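Shown next, in C-alpha cells, is the structure this report addresses.
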Amino acid sequence: MLTVIVISLFLPEIIYDYNTALKQAGKRERRIYAVIMLISFVILILYSFKITIPSPHGIITKVIGSLFRIET
Amino acid sequence: MKRERVTFNQAMFSIVLFNFGSSVVMGVSTGVGQEAWIPILAATVAAIPLFLIFGRIMQLFPEEDIFGIMNSLFGKTFGKIGIALLTWYAVHLCALVLRDFSEFTQISSMPETPQLPIMILMILTTIYLARSGMRNMGKWSLVMFFFVSLVVIFTFLTAIPQAQVDDLLPIGSHTRAEYFESSFQIFSFPYAETVIFLCLAGSYEKKDSPYKMLFYALFITLIVFVLVFLRNLTLLGPAMMQTSYFPSYVTARIIGVGDFLARIESLISSNFLFAGIVKITACLLAASKGLARLFELEDYRILVLPMGMLAMALSAFLYENTMEMFAFLKYYPYYAFPFQVILPLITWIGCEFYVRKRRKESKLG
C-alpha cells in the first residue's frame, strides 16, 4: 500500500513540474532536480518495502556520545 | 536571485511561530520539573548575545542572506563548505519537525495510520507555501499568530480553576549541572534554531531594525513559553509533566469548563499544525536557497519540491520509534551547536573585518 502511495505521490508531482516549472528551467536546474527526486524516491520506496536504511542519527549519537558524557 | 520583500510584522511573527513550532506541543519541560522556568529564563538570557550577532549580520548586509555573505567573505571553497553545512542543517531540521508532527498525530489521534501519509499531507502543504514565497509565509504567520496565541491564552485561563499552584515548589532542588543542561537544551531548541532566518535574510525591509525584530520575537516567545509551562505544570504536576511526551496535549485533555466545554485538545493539535507549517516552510526555504546558492542557480523555487521530498525521505527513517525521537533531544544541542552558534559567529567576525576593511579603503580612496 505504501509503495502505491509513494508512486502516486511522485508521478503527478513530476508530470506537473515537467509541464510548468521545469519547462523554463535550465539544464543544470533539471539535473539537480532529477538527482534529488531520484534519491528521495529510492529512499521512500525502500522504506515502503520495510528495508532499513541506516539513520544519520546513529552516527551523530555515537560521535557526540564519545565526545561528551550524555545520560539518556 | 529574485528578491521578495517581507514586512517587519510578517518577519517577526514568522520567527515567533517558528520558535513555537514543536515546542508549544512538546512543551518546554526539561529535566528540572517544577523549576523549568529557571532554564527558560536562563536560555532566553543566553539567546540575547546570539540574537545580537544575528542582528548585526543582518544590519551589516541588509540585502544578503547568510549564504551570499559566506560566499563573498570566505571565497568559493570555504564559502561553499559553510553553505553546504547550513543547507544540511536546514534539511535535517525540516525532517525532524516533520517527524515530530507525524509522531504526534499518530500517537494522539491516528494510531493505526502509517506515518507516511501524514507526512505527505504536511509536506505538500509546506511545499505549496514555500513555493508561494517568503511573503506568503509571512502573511500566514501574521494571521496564525493570533490564533495560536488565543489558544494558548484560552487554555491558560480555563486551566486556572483546576491549577495547583503548590506544584511550583520546591525551588532549588536540582544541581547546577541539571539547570545548565536544561538551559542548554532550551537555548538550542528552539531559540538558536532562529539561525534559519539568517538564511532567509535579505528579504526584510531595509528600514526595519533587525534587532527590534529579533528581540520582539524573543520576548513574545518567552511569554508564551512561560504561560505554557505554568499551565502544564499546575495541571499535570512535575512528575506527570516530565513523563508525558506531549504535555500540552495531555493538559488540554484535562481542561474542562463547566459541563459544556471539554476535550479541547484538538486546539493544541491545530497549534502544532499551524506553527509547524511555518517551521517546516522556513526550513524548506532555507534549504532550497542554500542548494540554489551552492550550485549557483538563479531561482530557488524549482528546488523546493525536491528538497521537500528529500526531507520527507530523511524523516521516514530518522528514528525507529517515539522513544528514540525523545532520546535524541539529549544529543541535539551538542549536534546543533556548530550550525547554530559557531557558523554565525565565524560569519559575524568575518563581516566585521570585511566592513572595517571597506571603510578604511573608502577613507583612503
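The values are calculated or read from the model by the stated rules, or taken from the named source; none is laboratory data. No experiment lies behind these values; they were computed from the predicted model shown. Cβ atoms come from the backbone with ideal geometry, glycine included; neighbour counts cover every protein chain shown.
Things to note:
- When B:Phe219, B:Phe229, B:Phe225 are screened for being within 18 Å of the chain's Cα centre (by Cα) and farther than 30 Å from B:Arg135 by Cα, only B:Phe229 passes.
This table checks each residue for (1) facing chain A (nearest Cβ under 10 Å); (2) closer than 30 Å to A:Leu2 by Cβ; (3) free of Cβ contacts under 8 Å to residues at least 60 places away in the same chain.
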| site | (1), (2), (3) |
| --- | --- |
| B:Leu267 | no, no, no |
| B:Val278 | no, yes, no |
| B:Ala287 | no, yes, no |
| B:Leu294 | yes, no, no |
| B:Glu298 | yes, no, no |
| B:Leu310 | yes, yes, no |
| B:Phe353 | no, no, yes |
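- Here B:Leu273 clears all of (1) more than 14 Å from chain A (Cβ to nearest Cβ); (2) farther than 17 Å from B:Val151 by Cα; (3) part of a helix (DSSP H, G or I) except the condition numbered (2).
- Test result for B:Tyr249, assigned to a loop (DSSP other than H, G, I, E, B), over 18 Å from the mean Cα position of the chain (by Cα) and within 21 Å of B:Ala327 (Cα to Cα): no
- Restricting B:Leu233, B:Leu285, B:Leu305 to residues that are more than 30 Å from A:Lys27 (Cβ to Cβ) and either outside any loop (DSSP other than H, G, I, E, B) or in contact with a strand residue (DSSP E or B) (Cβ under 9 Å, 6 or more places away or on another chain) (or both) narrows the list to B:Leu233.
- Inter-residue pairs, beta-carbon under 6 Å, first touching a residue at least 12 places away in the same chain (Cβ under 8 Å) and in region B:11-25, second of a type in the set (Lys, Arg) and part of a helix (DSSP H, G or I), 6+ apart: B:Phe18/B:Lys279; B:Gly21/B:Lys279
- B:Glu296 meets the conditions (1) surrounded by fewer than 22 Cβ atoms within 10 Å (Cβ to Cβ); (2) on the phi < 0 side of the Ramachandran plot in every case but one. The failed one is (2).
- Going through (1) at pLDDT 90 or above; (2) over 24 Å from B:Gln242 (Cα atoms) one by one, B:Ile40 falls short only on (2).
- Among residues of region B:114-125 that are within 7 Å of another protein chain (Cβ to nearest Cβ), those with a Cβ under 6 angstrom from a residue that is part of a helix (DSSP H, G or I), sequence gap 6+ or separate chain, pair up as B:Leu116/A:Leu2; B:Ile120/A:Leu9.
- Going through (1) surrounded by fewer than 19 Cβ atoms within 10 Å (Cβ to Cβ); (2) under 22 Å from the mean Cα position of the chain (by Cα); (3) among the basic types (Lys, Arg) one by one, B:Lys289 falls short only on (1).
- In summary, helices (runs of 4 or more DSSP H) completely within chain A and bearing 3 or more residues that are facing chain B (nearest Cβ under 7 Å) occur at A:2-19, A:27-48, A:56-67.
- Single unsatisfied condition, B:Ala130 versus (1) more than 17 Å from the chain's Cα centre (by Cα); (2) buried (at least 22 other Cβ atoms within 10 Å of the Cβ); (3) aliphatic (A, V, I, L, M): (1)
- Cβ-Cβ under 9 Å pairs, at least 6 apart or on other chains, region B:324-335 side more than 9 Å from every other protein chain (Cβ to nearest Cβ) and under 18 Å from B:Glu178 (Cβ atoms), far side of a type in the set (Ser, Thr, Tyr) and not in a helix (DSSP H, G or I): B:Phe326/B:Tyr245
- When each of A:Lys27, A:Lys23, A:Lys62, A:Lys50 is tested for being loosely packed, with under 15 Cβ neighbours inside 10 Å, on the phi > 0 side of the Ramachandran plot and out of contact with any Ser or Thr (no Cβ under 6 Å at 6 or more places or on another chain), the lone residue that passes is A:Lys50.
- Checked against the criterion of being among the hydroxyl-bearing types (Ser, Thr, Tyr) and part of a helix (DSSP H, G or I), region B:106-123 has at least one qualifying residue.
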